[in-house]
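FYI, it's all coordinate maths here, none of it is from the lab. None of these values were measured; they are calculated from a predicted model. With ideal geometry, Cβ positions are generated from the backbone for all residues, glycine too; neighbour counts draw on all protein chains shown.
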């Protein structure tokens, strides 16, 4: 079956992201995202990472429910967070909050490897199956509490968090390599901000406030025990 309808839908989605970036220029300090990020979103089939009944809406610039009270992020936010990471081809990336695997699939288009942690077993298993069908060998999944990261493979060049803690989790800061970047929503519900966290060669942390966002809260009090694939 031809992928042409989905290809055209992805092209329209990318055009919408580009337009929204212009509208957000005052907050972002720039009017365009990196072309390689937009190209990655143009290649990854978002409809494969949403429930089948929502596939007709997969390329709308909106979050969509994926079950278990969670959502797949709005495409503009996926693109923005990926752009802020400044992912390079050899980077080792840690993702907190796999969902159904869409953000991990986008990252895999751009980096060397992705280690992704999901606390909800049902979502992690569904993501694993979707990513296996797509033959994403660069992506490793773990069922566990993302607050604690994945220390066995640290340090990471880049870390992306798709759920919001009140404050920056110390384990994630510790697992960020010198010279690395972390993009994370943080703050109390209703007051969340998207933050760019940078660690310099000496280990000093600087934080840049990007814009207001709304994410699910990051759970941080459960055991870090987990299973890996």
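Summary of computed values
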| read-out | value |
| --- | --- |
| Test: residue 27 is exposed (fewer than 14 other Cβ atoms within 10 Å of the Cβ) and in contact (Cβ under 8 Å) with a residue 60 or more places away in the chain | yes |
| Only one of 64, 110 that is in contact (Cβ under 8 Å) with a residue 12 or more places away in the chain, in contact with a strand residue (DSSP E or B) (Cβ under 9 Å, 6 or more places away or on another chain) and over 26 Å from residue 172 (Cα atoms) | 64 |
| Check on residue 180, surrounded by 16 or more Cβ atoms within 10 Å (Cβ to Cβ), farther than 25 Å from residue 27 by Cβ and touching a residue at least 12 places away in the same chain (Cβ under 8 Å) | no |
| Test: residue in the stretch 121-142 that is touching a helix residue (DSSP H, G or I) at 6+ places or on another chain (Cβ under 9 Å), touching a residue at least 60 places away in the same chain (Cβ under 8 Å), assigned to a loop (DSSP other than H, G, I, E, B) and within 22 Å of residue 173 (Cα to Cα) | no |
